[in-house]
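**Q** The structure that follows is given in the form of structure tokens.
The values are calculated or read from the model by the stated rules, or taken from the named source; none is laboratory data. Everything numeric here is computed off the predicted structure, so don't read it as measured data. As a convention, Cβ positions derive from the backbone with ideal geometry for all residues, glycine included, and neighbour counts pool all protein chains shown. All accessible areas refer to the heavy atoms of the entire protein, side chains included, with ligands and DNA or RNA removed. Shrake-Rupley method; radii C 1.70, N 1.55, O 1.52, S 1.80 Å.
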Amino acid sequence: MGKTIVEKILSAKSGTDVKAGDTALIEIDVRSARDFGGASVVQNIESVYPGEKVADEAKTFFTFDCNAPANTIGYATNQHKCREFARAQDIKVYDVDAGIGSHVVIEEGIALPGKTVVGTDSHLNILGAIGALGQGMGDTDIAFTFRTGKTWFEVPETIRLKVTGKIVHPASAKDLTLAVMKFFGASGALGKVVELYGDLIDSLDLPQRITLSSMGTEAGAIAFIIPPDKKILDWCKAKTSEVVTPFYADEDAVYSEDLSLDVGELEPLIAKPGSPNDVVPVREVAGRPLDAAFIGSCTNGRFEDFELVAEIIGDRKVNPRVMAKIVPATKAVFGQLLDSGLMTKFHKAGFIVSNQGCGGCAQGQIGMTGKNEVQLSTSNRNFRGKQGHGDTYLTSPATAAASSIMGVITDPREVMGK
């Protein structure tokens, strides 16, 4: 009987032949903690394993991205507690200048196809974009993994999803992702891995795959895993001296469901406030007055996302009623904005451009929404209170940019060529 991708990864990392439903003790290739939860990981290690070293400092990392730099005493204290522990243990810290941890480990060639990665980030399954298995876990679990290099894992079932259709510019990978969110709903993939296939999926570049994989959590999935093709493998190989070993499903692999989704000629979509899965065409809510926009996060913080924003705005300016914010995912992306001239363009257009990090998705970094405030966000969650007390819609960079210019929610096709 053949195996799915996750069955192959977990068989390799446990040294045993496992299938869905089995529980195995697996080797974790990359062990991480971010500023959110990191101090609790340290506290657990120091109380349960006093005076002991982590299993392998070269595979262990801290990433600070939620509150970067810290703007509360609590975050500042917790970040420095992690720094002190890291210095004592000789652990690498990607500090507040690095950017979003899940992106940093991809850029740095730390997370690679076929690897297992854990951390205190609930969206670490974004690593499915390169064919890796990333998982967010609680601080006690991460403390155990820091100390032992391993963790227990129940092998999940897998859904195979074939996606067909066409992304019609200015629709983008975010609109595709929202279509997938609508298809699954909040629990349609609950506790399962989703393997994604089809010509449309094959056409996606790395930033687009990152966008799609970043919202697996919002469908209840363990991960959205996209089998890495040659362009992804070549990109990853250029980032490391390690041998890259991807895993692919067998032809006779057993799936819990075999599903198809035809997105047709994809148009701009939007998730209404309160649920990432309550998705409708932008045209259905167009015209609602807008107060704020956030373009960034692990979902849409790559340079290519900001190139699309620049294309949409042209020589126009942000509407005076809108506070429009841009946050690049990493220091590397920030550098691209500087080198390309987009930073100047955004400044002149009236955007607030902040330093790299989680930005509007993390409470406090670049401001919150107030009661009755209407915001568009390119992030992955719009639950009430997540980004403040206002109404947050989830949408693409193109829609956020067009709406920022017009001052009302706007289908980006309405401003193209104007």
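**Q** Remind me, relative contact order of the chain in percent, using alpha carbon pairs under 8 angstrom and six or more residues apart?
**A** Reported relative contact order: 18 percent.
**Q** Between the helical axis of 397-406 and the dominant principal axis of the chain, each derived from Cα atoms, what acute angle in degrees is found, rounded to the nearest 10?
**A** Its long axis makes an angle of about 30 degrees.
**Q** Hey, what's segment 7-149 come to in accessible area per residue, 1.4 Å probe, Å²?
**A** On a per-residue basis, 35 Å².
**Q** Right, next: Of [x] 33, 26, 18; [y] 33, 30, 22; [z] 49, 24, 21, which one was derived for semi-axes √(5λ) of the Cα gyration tensor in Å from the structure shown?
**A** [x]
**Q** Hey, another quick one. Report the local net charge at Glu284: Lys and Arg +1, Asp and Glu -1, summed over other residues whose C-beta lies under 12 Å from its C-beta.
**A** 0
**Q** What's the longest bit of the chain with no exposed GluC sites (Glu not before Pro), using DSSP loop states and at most 16 other Cβ atoms within 10 Å as the test?
**A** Looking at the chain, 252-418 is the longest stretch - no exposed GluC sites (Glu not before Pro) with at most 16 other Cβ atoms within 10 Å.
**Q** To continue, here is another question. Under 8 Å for C-alpha pairs, at least 6 residues apart: give me the relative contact order for segment 143-290, rounded to a whole percent.
**A** Result for segment 143-290 is 35 percent.
**Q** If you don't mind, another one. Nearest 10 degrees is fine. How inclined is helix 303-313 to the longest principal axis of the chain, computing both from alpha carbons?
**A** Value to nearest ten degrees: 10.
**Q** Gap in Å between the Cα centre of segment 60-101 and the Cα centre of segment 231-276?
**A** Measuring centre to centre over Cα atoms gives 30 Å.
**Q** Still on this structure: What's the magnitude of the charge dipole for segment 57-155 around its Cα centre, counting Lys and Arg as +1 and Asp and Glu as -1 at the beta-carbon? Answer in Debye, nearest 20.
**A** It works out to roughly 240 debye.
**Q** What does the charge add up to near Gly114, with Lys and Arg as +1, Asp and Glu as -1, over the other residues with Cβ less than 10 Å from its Cβ?
**A** Counting the neighbours of Gly114, the net charge comes to +2.
**Q** Given a 10 angstrom Cα cut-off, can you work out which residue in Gly357, Gly15, Gly301 is the most mobile in a GNM of the chain?
**A** Gly15
**Q** Accessible area of the chain with a 1.4 Å probe: how many percent of it is carbon plus sulfur?
**A** The computed percentage sits at 50.
**Q** Here's another thing I want to ask about it. So how tilted is helix 38-48 from the main axis of the chain? Cα-based, degrees 0 to 90, rounded to 10.
**A** The angle comes out at about 20 degrees.
**Q** Please give the residues of segment 90-113, grouped as numeric ranges, whose backbone N is less than 16 Å from a label point set 7 Å along the Cα-to-Cβ vector of Ala58.
**A** Residues 90-92, 109-112 fall inside that zone.
**Q** Here's another thing I want to ask about it. Can you tell me the FRET efficiency between Glu311 and Ser256 if r is taken as the Cβ-Cβ distance and R0 is 51 Å, rounded to the nearest 0.05?
**A** 0.80
**Q** Here's a follow-up. Quick check: from the Cα gyration tensor, does segment 204-251 come out rounded (a/c under 1.5), prolate or oblate?
**A** Judged from the Cα gyration tensor, segment 204-251 comes out prolate (a/c at least 1.5, a/b above b/c).
**Q** Taking a probe of 1.4 Å, how large is the accessible area per residue of segment 374-414, in Å²?
**A** Dividing the accessible area of segment 374-414 by its residue count gives 25 Å².
**Q** Take the alpha carbon gyration tensor of segment 35-75, find the square roots of its eigenvalues, order them as a ≥ b ≥ c, and report rounded if a/c is under 1.5; if not, report prolate when a/b exceeds b/c, else oblate.
**A** oblate
**Q** Taking the DSSP beta bridges in the chain as the whole, what percent of them are antiparallel, to the nearest 5?
**A** 20
**Q** Order the following by accessible area, largest value first: Met181, Met416, Met1. Probe radius 1.4 Å; ligands, DNA and RNA are ignored.
**A** The ordering from most to least exposed comes out as Met1, Met416, Met181.
**Q** Rounded if a/c is under 1.5, else prolate if a/b beats b/c, else oblate: with a ≥ b ≥ c from the C-alpha gyration tensor eigenvalues square-rooted, which is segment 310-418?
**A** The shape class here is oblate.
**Q** For Thr23, what accessible surface area do you get with a 1.4 Å probe? Give it in Å², rounded to 10.
**A** So the heavy atoms of Thr23 present about 90 Å² to solvent.
**Q** Mind checking which lysines have their C-alpha under 21 Å from Lys115, skipping anything on the same chain fewer than 8 residues away?
**A** Lys3, Lys8, Lys13, Lys19, Lys59, Lys92, Lys150, Lys192, Lys230, Lys231, Lys237, Lys239
**Q** How do Arg209, Arg302 stack up against each other in accessible area, from largest to smallest, with a 1.4 angstrom probe?
**A** Ranked from most to least accessible, the order is Arg302, Arg209.
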